[in-house]
Amino acid sequence: VQLQASGGGSVQAGGSLRLSCVASGRTISTYVMGWFRQAPGKEREFVAYITRSGGITYNGDSVKGRFTISRDNAKNTVYLQMNNLKPEDTAVYYCAADRHLSTNYYRTNAYDYWGQGTLVTVSS
């Protein structure tokens, strides 16, 4: 499966963005999906996770209550709605996919497929 992330951009603190991750090559309904982010000089960080049906989601502690992951399997797309953005949310955001459910959903090595990343910049 190939993943293409989009929707990044520049926004002021308190603003919102919605990221999209479109899959091609295979139907997305057979994959669990995740969003991660990587700020300059830092390790890639878990942001959000969603199961195949969308019935279960998890968020990283730093984004709880502000970010929401969702999916539309008919459109082969996963979304990340980001509200009340903060300067510390500035990073390249990556979507990821894997065929298998894992208790290690917050680890990068739980995913076999990655998109190319989309840059989010939040100014104060």
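The values are calculated or read from the model by the stated rules, or taken from the named source; none is laboratory data. Computed from a predicted model, the values in this text were never measured in an experiment. Methodologically, a virtual Cβ is constructed for each residue, glycine included, from the backbone with ideal geometry; neighbour enumeration extends over all protein chains shown. Areas reflect the complete protein model, heavy atoms only, side chains present, ligands, DNA and RNA absent. Shrake-Rupley method; radii C 1.70, N 1.55, O 1.52, S 1.80 Å.
Values for this structure:
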item	result
Formal net charge of residues neighbouring Tyr79 (Cβ-Cβ distance under 11 Å; K, R +1; D, E -1)	+2
The range 22-82 versus the range 87-124: alpha-carbon centroid distance in Å	7
Residue (of Ile56, Tyr105, Ser16) at the positive-pole extreme of the chain, dipole from beta-carbon charges	Ile56
Heavy-atom SASA rank of Glu88, Glu43 (probe 1.4 Å, accessible area, largest first)	Glu43, Glu88
Student exercise, the chain dipole from Lys, Arg, Asp, Glu Cβ charges, in Debye to nearest 20	200
Of all accessible heavy-atom area on the chain, the percent that carbon and sulfur account for (1.4 Å)	46
Residue-normalised accessible area of the chain, expressed per residue, 1.4 Å probe, Å²	51
Residue among Ser53, Ser29, Ser20 with the largest mean-square fluctuation in a Gaussian network model of the chain, springs linking Cα atoms under 10 Å	Ser53
Charge dipole (debye, nearest 20) of the range 21-71; +1 at Cβ of Lys and Arg, -1 at Cβ of Asp and Glu	120
